[in-house]
Structures are given as C-alpha cells and as structure tokens.
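The values are calculated or read from the model by the stated rules, or taken from the named source; none is laboratory data. Given the structure is predicted, the values throughout are model-derived calculations rather than measurements. Every residue, glycine among them, receives a Cβ derived from its backbone with ideal geometry; neighbour counts consider all protein chains shown. Accessible surface is based on the protein model in full, side chains and every heavy atom, while ligands, DNA and RNA are left aside. Shrake-Rupley method; radii C 1.70, N 1.55, O 1.52, S 1.80 Å.
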Amino acid sequence: MKNIKQKILIILATLSLVIGFFAVPAGVFAAVTVDEAIDGGASKILSTGKLADDWQSLGVARSNTPASKEMRQARYNDIVAYLNQSDRLSATDYERTIIGVVSIGGDPTHIPEATTHKNLVEELYQSNAMNSGVNAIIYGLLALQTKEYTVPENANFSIQEMVDKLLSLQKADGGWALGGAVGDVDMTGMAITALAKYKDMPGVSTALDRSVAWLSSVQLKSGGFKGWSNENSNSLSQALMAITLTGNDPKGALFTKDSDIITALMTYRTADGGFKWLPTDTQSNGMALEQALYALTQYKFYLNGSGSIYDFVNNPVPQLIETPVEPDPSTEEPSSSAEQGTEDSSTSSSSSDSNVSSEDSSTTTSISDGSDENTEETISDSEGSSNVEKNTTDSSGAGIIGDTDSSTTAPSKEADEEAVQNTSNNANSDNAKSLPSTGEANDYMFLSVLLGASMLLVGVFFLAKNKRKQNN
C-alpha cells in the first residue's frame, strides 16, 4: 500500500511539473498581441537612434510609432550622401531608394541636394530594369506604386510592360523564383505583393489565384514556410504580405494547417522585441525584424481595410517638407491699396522668415557600393539570414535624402501631425479579427503564469514529501 501511495505521489508530482512548464511559456506567449509585436519591433529599431536602411524606414513608417522628424531627416541626409558618391546605380538601387525616400516623407522626384541623382523616378524609368532580373521587375512595380508619378517621355518601359514581364516569369507550379523551374516562397510572396495592385489588368487575377493556391499547398503544418531548405521567418513574412494583399485571411482555413500564419510568425519573436530567422536561433536578426515588422503592419492594414503599405497616396506618412496651402484670393476680404501694400510687405517678411536652414545630424550610416544589376544568385549574410532579401535589400546599404537648403519652404506642423494621426489609426484593431486585446491577453498571461507556478510548487511539494518518506 505504501508503494502505491509513493507511485501516486510521483505521478502527481510529474504531472504538476509538466503542466507548470507548459503553462508558464503559454501565458507569456499569449501576452503578445499583433499591436504589441509591432510596437516592440519598432521600438527596437528606434532605440538605435537611426533608421539604418530603406526597409527599416518602411516598417517604422507603417508602425504605430513613426520615427521623429530628426531621425527621418538624418536618414534623408544619409541617402543624399549615398547618391552623391554613386555615379552608377542599378535598377534595384533606384527602386529600394525610392521606397525608402517616400517612407521617411521625402520626394524621390525632387532631391535638390543630390549632385546628379535628383529625380530617382525619372532615372528608374530610363534604366535597364526590364532586363535586370525578376528582382528589378518586382521592386520596380512596388516603387512606382508608392505615389502617382509622371512617366517621362523617354521612358524605357511602362507599368503594363513590367506587369506583363513579371507574369511571363511565373513558373508552371504557380510560383516565382530567382532561377530554375520550381517556385520559391520568398520570390512568390514578393511577386504577389507587387502584382496585387494590378489585379484588374489582363491575366493578373488568374496568375494571383494560381500563386495563392501554390502558397497554401507548400505551407507547413506549423503554419510556416520553408525558404529552399530551411523553415524561417523571412519566408513566412513574405507569404503573409502576399496573402493579405490578395484579400485572404492568414488565420482562415486556406492558410491554417496545425497552426496559422500569424501564430507561426509570433513564435519567432524574441524577448528584446526583435524576430529571429530560424526556429532554432536564440538571438534576434536584423533582416528578420525588418520583414516581420512590415508584414505585421500589412496585416493590420488588411484588418482595417487600408489597402497596401506601399500606397502612400491613400495612406500618407509625416512629410519632411510640407507645401503650405495658398489662400484662395476669392475668399479674402477686399482691402485698400495701402492695406494691401502693408500685407504684401508682411507676407514677404514672413515668407523669408519661414525658410528653413540645414539640419545637422550626427547620425551616420555605413554605405556600400551599388550592386550589379544582373546579380541573380542568393547570398547569405553574416548572421545566416539567407534568402532573396539579401540579394535585393542589402546591396546598396543606404540612404535617401539630404539637408534642406535655405530656399526650402518651412514644414507644416499641422500637416505632419495629421499624417501621424493617420498612421496611428491602425493601433487598436486587433478585435476586428477576434484577436485578444492587450488587457485580455495580460489577464490570460497572469492566470497562466499563476497556474504554472502553482503546479510547479505542487510538484516540488509532492516530490519533497515523497523523499522524506523514503528517508524515514
């Protein structure tokens, strides 16, 4: 009888320990909502004091806490420095930089501080983008859909031609790839992201349906995706971009195996607010964080019905330079010539005072030379974060815009605040898809941790009690 009681105590203690070990991590994981993951990722980037590249600029711009004007201006200055030291830019250099410039509130068609590359959009249109590989086609479409740009008369291609070229590169299985006959998740996710805006063009909708079906077919039971041989967060982030931009629910049946995409991505989140690349990694990875951040913000846009994070017309961001609204003369009160002269003088003085001087920045960014246009091979970075993003994001390494000169119109504080408010409207929409609110998540975490701790204590108590009996 005594042995039976001891066995029962050991079983109860073991069960208590097992439940405790599982309950505590579950409580901690449940505490992180999508908003909190976005906030944590943005905070990790902002804590460095600078925006290091174009993709960080995009992710932070679409987060709940956009970068300060000083930080965005410093990034602009880095970009101008990069443009001024680069005589020759590849198509993907132009494209990434356009996205980065728009993300920090600059105008890629008007960079007066640059010595030669003053209109990046015009130069992109005049580049060899159509013959520079699938990356150049994809990022060309993304860059040119950020705003409504004028197509120069001497353009080497049109949007329609780019769309047709990308459609022609789709593989038989429905995916896209850097090379070979089989699609890969990263390139497929990015191609879908680029094409989603043009779904009404001939052939695009059919191609998107095929590619979405292919993504669903290669999704793992974990809810994640493999990039070539490794399951990783970068591939998952690119798939999430594609799924939401085609109007598919990443938590719906089509993309839920044993787990769904959002749940899978959140398992890569690290304690410091970053994201790791591989499931086995213990430290956050810079590239993984950038991609997870802008993918999660795209998910928030999907929940809110806000469209694409690449659409800066309908989803504006704070601007570095705001053009003041000129008063309508027809609404002004008539005045005497003497009064008018006084007003003109005052206006002139005010206009002169409103000119802004250059903003100095101590922030510096390491900038490397531009990459070769025709590079088509996958490159692994020093942290092991290998996928097509290394080939398409890190070759230029840098920057966007320069100091504002003395003739630049003063920024409009009201317009800047309005754009910040527009961006911040995404901050409280977790409930739209039955995601737990922060309060509910924290309550659940508290109860789970309490349960886990209690079970651990019970297990330890029973084991200690059993040990004493054995000694007696």
Residue 211 touching a residue at least 12 places away in the same chain (Cβ under 8 Å), touching a Ser or Thr at 6+ places or on another chain (Cβ under 7 Å), of a type in the set (Gly, Ala, Ser) and open to solvent by 20 Å² or more (accessible area, probe 1.4 Å): no
Some residue of segment 21-36 being at pLDDT 95 or above, over 19 Å from residue 299 (Cα atoms) and open to solvent by less than 10 Å² (accessible area, probe 1.4 Å): no
Failed item in (1) part of a helix (DSSP H, G or I); (2) under 21 Å from residue 308 (Cβ atoms), with residue 251 passing the rest: (1)
Pairs with Cβ under 6 Å, 6+ apart, first in segment 176-200 and within 15 Å of residue 234 (Cα to Cα) and at pLDDT 95 or above, second assigned to a helix (DSSP H, G or I) and among the polar types (S, T, N, Q): 185/235; 186/235; 186/238; 188/211; 189/238; 190/238
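Take residue 103 and decide whether it is farther than 25 Å from residue 131 by Cβ, modelled with pLDDT of 95 or more and surrounded by fewer than 21 Cβ atoms within 10 Å (Cβ to Cβ). Outline the logic, then answer.
Values: farther than 25 Å from residue 131 by Cβ: yes; modelled with pLDDT of 95 or more: yes; surrounded by fewer than 21 Cβ atoms within 10 Å (Cβ to Cβ): no.
It is false that residue 103 is farther than 25 Å from residue 131 by Cβ, modelled with pLDDT of 95 or more and surrounded by fewer than 21 Cβ atoms within 10 Å (Cβ to Cβ).
Tell me whether segment 235-252 contains one or more residues that are over 20 Å from residue 301 (Cα atoms) and either surrounded by fewer than 24 Cβ atoms within 10 Å (Cβ to Cβ) or at pLDDT below 95 (or both).
Start the filter on segment 235-252 by keeping residues that are over 20 Å from residue 301 (Cα atoms), which leaves none.
Within segment 235-252, not a single residue is over 20 Å from residue 301 (Cα atoms) and either surrounded by fewer than 24 Cβ atoms within 10 Å (Cβ to Cβ) or at pLDDT below 95 (or both).
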Single match in 318, 279 (criterion: within 18 Å of the chain's Cα centre (by Cα) and assigned to a loop (DSSP other than H, G, I, E, B)): 318
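How many residues are under 24 Å from residue 175 (Cα atoms) and of a type outside the set (A, V, I, L, M, F, W, C) when one looks only at segment 129-156? So that I can check it myself, show each step before the final result.
Of the residues in segment 129-156, the ones under 24 Å from residue 175 (Cα atoms) are 129-145.
Narrowing the set further to residues that are of a type outside the set (A, V, I, L, M, F, W, C) leaves 131-133, 135, 139-140, 145.
Residues flagged as under 24 Å from residue 175 (Cα atoms) and of a type outside the set (A, V, I, L, M, F, W, C) within segment 129-156 amount to 7.
Take the conditions open to solvent by 10 Å² or more (accessible area, probe 1.4 Å), more than 20 Å from residue 308 (Cβ to Cβ) and of a type in the set (A, V, I, L, M, F, W, C) and apply them to residue 169. Does it pass? Before you say what the answer is, go through the steps one by one.
Working: open to solvent by 10 Å² or more (accessible area, probe 1.4 Å): yes; more than 20 Å from residue 308 (Cβ to Cβ): yes; of a type in the set (A, V, I, L, M, F, W, C): yes.
Here the answer is yes, as residue 169 does meet what is asked.
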Residue match in segment 52-73 (condition: outside any loop (DSSP other than H, G, I, E, B), under 18 Å from residue 118 (Cα atoms) and either among the hydrophobic types (A, V, I, L, M, F, W, C) or touching an Asp or Glu at 6+ places or on another chain (Cβ under 7 Å) (or both)): yes
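Between 298, 283, which is touching a Lys or Arg at 6+ places or on another chain (Cβ under 9 Å) and surrounded by fewer than 17 Cβ atoms within 10 Å (Cβ to Cβ)?
On the way: 298 fails: surrounded by fewer than 17 Cβ atoms within 10 Å (Cβ to Cβ).
Only one candidate qualifies: 283.
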Residues that are open to solvent by less than 50 Å² (accessible area, probe 1.4 Å), free of Cβ contacts under 8 Å to residues at least 60 places away in the same chain and in a loop (DSSP other than H, G, I, E, B), drawn from segment 224-234: 224, 225
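So which of 68, 63 ends up being open to solvent by 10 Å² or more (accessible area, probe 1.4 Å), at pLDDT 95 or above and of a type in the set (Ser, Thr, Tyr)?
One residue alone meets the criteria, 68.
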Hey, residue 51 under 20 Å from the mean Cα position of the chain (by Cα), more than 28 Å from residue 132 (Cβ to Cβ) and modelled with pLDDT of 95 or more or not: no
Hits in segment 301-320 (condition: under 18 Å from residue 146 (Cα atoms) and either aromatic (Phe, Trp, Tyr) or open to solvent by less than 30 Å² (accessible area, probe 1.4 Å) (or both)): 301, 302, 308, 309, 310, 312, 315, 317, 318, 320
Residues satisfying the stated conditions in segment 263-272, i.e. open to solvent by 10 Å² or more (accessible area, probe 1.4 Å), in contact (Cβ under 8 Å) with a residue 12 or more places away in the chain and out of contact with any strand residue (DSSP E or B) (no Cβ under 7 Å at 6 or more places or on another chain): 263, 266, 267, 270, 272
